[in-house]
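These notes are about the structure you will find just below.
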């Protein structure tokens, strides 16, 4: 057994260098990772074998890669924060990657799969997990303004010195995040071991961590995602389960057409983890075509279950000439634009575009964060420094049906693209909103303000009760500078909220701000306004800065709402009152 690694290396070398040797089927239509030295259940590092199998698939034009059933192990080259990928896969076409029920176990900080420029690929029938998840769960046994102590459960060994990117406190009985509880990000200065399995967490500001409650510490939050797709086309992901990942479970950037079926992000049964993916369940940016998600389950993520966005706003920092600008993102993220992409030119104080311009070329300058954009036509004279460039071309349509969302921090679905249907889904115990149609220029500067969105026949139970607590369970609204609401209608257009059941919400059940052409129809609302944290949160349905809104057939009896509820429906400032129509509602 001592020479097992040597034999495996020789096998891989032969398979890569001798053309006559074929893996899997004799006609080279299939590649079997075991033919390259992977050994299910042997406890050895299978990274090299898997890499060789995928390379052989690419160079030989094979039609598939198979993982025979069993456990495979993958070790990070080191456990630093430096970005690394176990399987970086590029250029595959017309390939099926079939895990056949295999379980892939990762060790340390690494990204399992990264696919680039692949076309017509299917990924199916596998589970990924971590031998030691990058979280710690335990009981809060002491709390001061400077630190709190966590008695970690035995299955989460601690030694002191661990970094903590983020943390929350959980109810020990329900194992849900504490109602209106703590939600700390980038706030830990250091950790120390003060007794066996007792970790002292020093914070940069006071946090009200309750003794006797549970703490969930995430030692990594972003950067090491499960399945990453970039520049891919016609992708199918089906029957894939993620029990843990240090970052997001699935990401897609600038991809075209994806079918995601029975993709499950789950808290591993029989454990006390309470977190599955440390960040988003799925995150889509700058895609095109149709993203279809059906029969998926998102449970216990540390961030949004689905973030569907067109990309990032770039703010103009310099007008070089009549057709050229320099622009940067608020957090200095890169988001280059392709020739032919249409930019909406948008002032940050309204988020209502005043014009468009078509990209001729774009380059990211040497500083890695400044974008030089040249347009095909002269830019409007009113273009001012600070105006925003939102990509109106890379707005994939989404169909999200028959999916289940539960027990996660943040939102169920964040809609920041155009042409979206959310239908027949279940949302339960989501700490923030169930479905938010959102645009914001306060921090992330994600975009684009949505249009043509249908939210229909969904059920929402106990949403928007904890960190980060927001305005409503279901809503279309924007956050301008200082989290100010939009002053005018027209940020969002053509929204339908129909046939939904919303039960239990600490603020509004439905909230609109900056909308135009909205139908709110045949919704049933109970238990709204249970513990308001917003002034408008005392109303089950609240609308401001909107026009052409129809409310019909909704059942919102005030006596069935939380005690602080002041009105089933209220119209706030900025509305075009003559265009707000109510017909056949119960409780208004």
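Every read-out reported here was derived from the displayed coordinates using simple, explicitly stated rules and does not represent laboratory data. Being a predicted model, the structure only gives us computed values, none of them experimental. Here the Cβ is made from the backbone with ideal geometry for all residues, glycine too, and neighbour counts use every protein chain on show.
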Report task. Could you list 72, 222 in order of exposure, starting from the residue whose Cβ has the fewest other Cβ atoms within 10 Å? Result -> 222, 72
Query raised in the report: Here are several values of Cα Rg over 2.2 N^0.38 Å: [x] 1.01; [y] 1.05; [z] 0.94. Which one was derived from the coordinates shown?
Result: [x]
Report task. Starting with the fewest neighbours, write out 429, 79, 154 ranked by other beta-carbon atoms found within 10 Å of each beta-carbon. Result -> 154, 79, 429
**Report entry** residue 483 versus residue 384: modelled label distance in nm, points set 7 Å from Cα along the beta carbon direction
**Finding:** 2.6 nm
Report task. Provide the percentage of antiparallel DSSP beta bridges, counting only those with both residues in the chain; round to the nearest 5. Result -> 30 percent
Query raised in the report: Looking at region 147-255 from every direction and averaging, what is the projected area of its Cα convex hull in nm²?
Result: 9.0 nm²
Report task. Can you tell me the 0 to 90 degree angle between the C-alpha axis of helix 47-60 and the longest principal axis of the chain, rounded to 10? Result -> 90 degrees
Requested in this report: Could you let me know the centre-to-centre spacing of region 197-266 and region 515-569, using Cα atoms, in angstrom?
Outcome: 32 Å
Requested in this report: Would you calculate, for the chain, the mean residue ellipticity at 222 nm contributed by helices, counting each DSSP H stretch of 4 or more residues as -39,500 (n - 2.57) and dividing by all residues, to the nearest 500?
Outcome: -1500 deg cm²/dmol
Query - Cβ-Cβ FRET estimate between residue 577 and residue 107, R0 fixed at 56 Å, reported to 0.05 - result: 0.35
Report task. Note down the relative contact order for region 278-405 as a percent, whole number, built from C-alpha pairs under 8 angstrom at least six residues apart. Result -> 35 percent
Query raised in the report: Between residue 402 and residue 322, what FRET efficiency follows from the Cβ-Cβ distance if R0 is 60 Å, with the result rounded to 0.05?
Result: 0.75
Report summary line: With 0.36 nm assigned to each residue of separation and the Cα-Cα distance removed, residue 171 to residue 146 gains 6.8 nm
Query raised in the report: Counting other C-beta atoms within 10 Å, which of 118, 34 has the fewest, and how do the rest follow?
Result: 34, 118
Report summary line: Percent relative contact order for region 135-218, counting Cα pairs under 8 Å at least six residues apart, stands at 44 percent
Report task. Please find the FRET efficiency linking residue 558 to residue 94, where r is the Cβ-Cβ separation and R0 is fixed at 51 Å, and quote it to the nearest 0.05. Result -> 0.30
Query raised in the report: Given Cα pairs under 8 Å that are at least 6 residues apart, what percent is the relative contact order of the chain?
Result: 7 percent
